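Asks: Here it is: the structure, laid out below.
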Amino acid sequence: MNWMALTKKKGAIAETKVLAYLTERDFNVSVPWGEDIRYDLVSEKNGVFKRVQVKYITPKNGRLDIFPRSANNWNTIKYTSKNIDVMAIYNPKSGRIYFIPITVFPDNSKINLRLLPCKNNQEKNIIWASEFEDTDILEK
């Protein structure tokens, strides 16, 4: 399997996991038609709609490195509050999903979500993944 096919497969797995997770929690979920849409799905609950971009991210060194963009061989798409509301991050190692408002990303730069304590015991400026396990952000 080539690299692009593997990337597409991982994306499909993550989208399916998020769709099922939200449906099990009484969200209505819509999937847009076409490839040129910045978000992967739309969640709705009690009249509140959110555009959700889904990512499959394997943890490394006790953290998830999250870049608010998508890239291929031709261009890079930066995600902003103009085109998505939330990033849903699927962690294939634990099966957990994290819902991060796009406004959390400073100047469209990456963030690291910690899953485990740092080896050097750093505690300052740590963003814990556990802070984003709740779907509340999708209901506001």
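The values are calculated or read from the model by the stated rules, or taken from the named source; none is laboratory data. Because the structure is predicted, anything quoted here is derived from the model rather than measured. Cβ: placed from backbone, ideal geometry, glycine included. Neighbour counts: every protein chain shown.
Asks: Restricting the search to the range 41-69, which residues are in a strand (DSSP E or B), surrounded by fewer than 17 Cβ atoms within 10 Å (Cβ to Cβ) and in contact with a Pro (Cβ under 9 Å, 6 or more places away or on another chain)?
Replies: Asp65
Asks: Which condition number in (1) out of contact with any Lys or Arg (no Cβ under 6 Å at 6 or more places or on another chain); (2) surrounded by 14 or more Cβ atoms within 10 Å (Cβ to Cβ); (3) assigned to a loop (DSSP other than H, G, I, E, B) is the one that Asp36 fails?
Replies: Of the numbered conditions (1) out of contact with any Lys or Arg (no Cβ under 6 Å at 6 or more places or on another chain); (2) surrounded by 14 or more Cβ atoms within 10 Å (Cβ to Cβ); (3) assigned to a loop (DSSP other than H, G, I, E, B), the odd one out for Asp36 is (2).
Asks: Can you say whether Lys55 is among the basic types (Lys, Arg) and under 11 Å from the mean Cα position of the chain (by Cα), as far as the supplied structure shows? Show your work before the answer.
Replies: Working: among the basic types (Lys, Arg): yes; under 11 Å from the mean Cα position of the chain (by Cα): yes.
When the stated conditions are applied, Lys55 passes them.
Asks: In the range 82-140, what residues are closer than 27 Å to Thr23 by Cα, among the polar types (S, T, N, Q) and surrounded by 16 or more Cβ atoms within 10 Å (Cβ to Cβ)?
Replies: Asn91, Thr135
Asks: Let me ask you something else. Give the residue, chosen from Ile102, Ile66, Ile111, that is of a type in the set (A, V, I, L, M) and within 19 Å of Thr7 (Cβ to Cβ).
Replies: On the way: Ile102 fails: within 19 Å of Thr7 (Cβ to Cβ); Ile111 fails: within 19 Å of Thr7 (Cβ to Cβ).
Matching residue, one of Ile102, Ile66, Ile111: Ile66.
Asks: Among the residues of the range 1-33, what is the count of those that are part of a helix (DSSP H, G or I) and not hydroxyl-bearing (Ser, Thr, Tyr)?
Replies: Within the range 1-33, the first condition is being part of a helix (DSSP H, G or I), and the residues that meet it are 3-24.
Add one more test, that the residue is not hydroxyl-bearing (Ser, Thr, Tyr), and what stays is 3-6, 8-15, 17-20, 22, 24.
Selection size over the range 1-33: 18.
Asks: While we're here: Looking at (1) closer than 24 Å to Asp136 by Cβ; (2) outside any loop (DSSP other than H, G, I, E, B); (3) out of contact with any strand residue (DSSP E or B) (no Cβ under 6 Å at 6 or more places or on another chain), which is the only condition Ile89 fails?
Replies: Ile89 satisfies every listed condition except (3).
Asks: Ile77 passes all but one of (1) crowded, with 16+ Cβ neighbours inside 10 Å; (2) in a strand (DSSP E or B); which number fails?
Replies: (1)
Asks: Report yes if Gly95 is at pLDDT 90 or above and outside any strand (DSSP E or B), otherwise no.
Replies: Details: at pLDDT 90 or above: yes; outside any strand (DSSP E or B): yes.
So Gly95 passes the test.
Asks: For the range 95-118, give me the residue count where each residue is more than 18 Å from Lys55 (Cα to Cα) and either touching a residue at least 24 places away in the same chain (Cβ under 8 Å) or touching a Pro at 6+ places or on another chain (Cβ under 9 Å) (or both). Full working, then the answer.
Replies: First, pick out the residues of the range 95-118 that are more than 18 Å from Lys55 (Cα to Cα): 106-107, 116-118.
Adding the requirement that they be either touching a residue at least 24 places away in the same chain (Cβ under 8 Å) or touching a Pro at 6+ places or on another chain (Cβ under 9 Å) (or both) leaves 116-118.
Adding up the residues that qualify gives 3.
Asks: Still on this model: Which residues, counting only those in the range 15-65, are out of contact with any Leu (no Cβ under 8 Å at 6 or more places or on another chain), β-branched (Val, Ile, Thr) and closer than 13 Å to Thr135 by Cα?
Replies: Thr23
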